[in-house]
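For reference, the structure discussed in these notes is given below.
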Amino acid sequence: MTTRARKATRTPPDTDPSPIGQAILSLIGKVPSSREPKSRKPAEDARRKANAAAAKAALAARALALPPGVVGWLTILPEMMGVWKIQKQLVADIAAIYGKQDSLTPEQVVYCLFQHTAAQGVRDLVVRVGERTLVRKASPLLIRNITRRIGAKLAQKAAGKGAARWVPVIGAVGMGAYAYIDTAQVAATAIDLFEGVIEVEAVEVDG
């Protein structure tokens, strides 16, 4: 992986992120470690890891979606955070399988977690240039702006999760299925990213 410099730009300060945005901020402060060794068959081993993580995420989502009604609303954010933590570890494990754990950055983790659900929110982080992937080194301000955009997008999905709480058993099954598919999509993004050549900009940008 190579590093290239880029002149930083400035934008006005943004507003505070939503509760979902705050939850995302709390997740991306530290890249998790992984015990996975570099694989000779990374695509195969990454899919195996993805299947296990998807099943774990589905189980966690189903359990937290069981409480009915108003109580169920209070479990929405913990459910989302529980699934994100599983997915965050999955991204680190896939990076390790491809031999790129040491160069994994918070920006890559955020991109893998949310590219499929909030593509506009992570558009400032990763740019494809031919066969290479350019990862921008985000300043705290850019990370804050990104989490605000992602939070706004995911708030719409949270409303749907809240409605499902009024039908607890059926809703729990649906939330489990959604978490499984969502985690599989995170894995697909990570595999696509780590299979290629990644370059990280040396200078933080405000976006």
*Assuming R0 = 22 Å, can you tell me the calculated FRET efficiency for the pair Glu199 and Lys41, based on Cβ-Cβ distance, to the nearest 0.05?*
0.30
*FRET efficiency for Glu131 and Ala52, Cβ-Cβ distance as r, R0 = 41 Å, nearest 0.05?*
0.85
_Report, in listed order, any pair from Lys41/Lys137; Lys49/Lys85; Lys30/Lys56; Lys41/Lys85; Lys56/Lys100; Lys30/Lys153 with a Cα-Cα distance greater than 20 Å._
Lys41/Lys137; Lys30/Lys56; Lys41/Lys85; Lys56/Lys100; Lys30/Lys153
*Around Glu131: net Lys/Arg minus Asp/Glu count, Cβ-Cβ under 14 Å*: -1
*Summed side-chain charge close to Ala190 - residues other than Ala190 whose Cβ falls under 14 Å, Lys, Arg +1, Asp, Glu -1*: -2
*asked:* Net charge around Ile86, counting only other residues with Cβ within less than 14 Å of its Cβ (Lys, Arg = +1; Asp, Glu = -1)?
replied: +2
*By average Cβ neighbour count within 10 Å, what is the ranking of 32-41, 183-192 from highest down?*
183-192, 32-41
*Mind ranking 106-112, 77-83 by how tightly packed they are, going by the mean number of other C-beta atoms within 10 angstrom, highest first?*
106-112, 77-83
_Can you give the FRET efficiency to the nearest 0.05 for Arg123 and Gln22, using r as the Cβ-Cβ distance and R₀ = 22 Å?_
0.55
_Shape verdict for region 75-146, please, from the Cα gyration tensor: rounded (a/c under 1.5), prolate (a/b greater than b/c) or oblate._
oblate
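Just so you know, all these numbers are worked out from the coordinates, no wet-lab data involved. Here the structure is a predicted model, which means the values were calculated and not measured. Cβ coordinates were reconstructed from backbone atoms using ideal geometry, including for glycine residues, and neighbour counts include every protein chain displayed.
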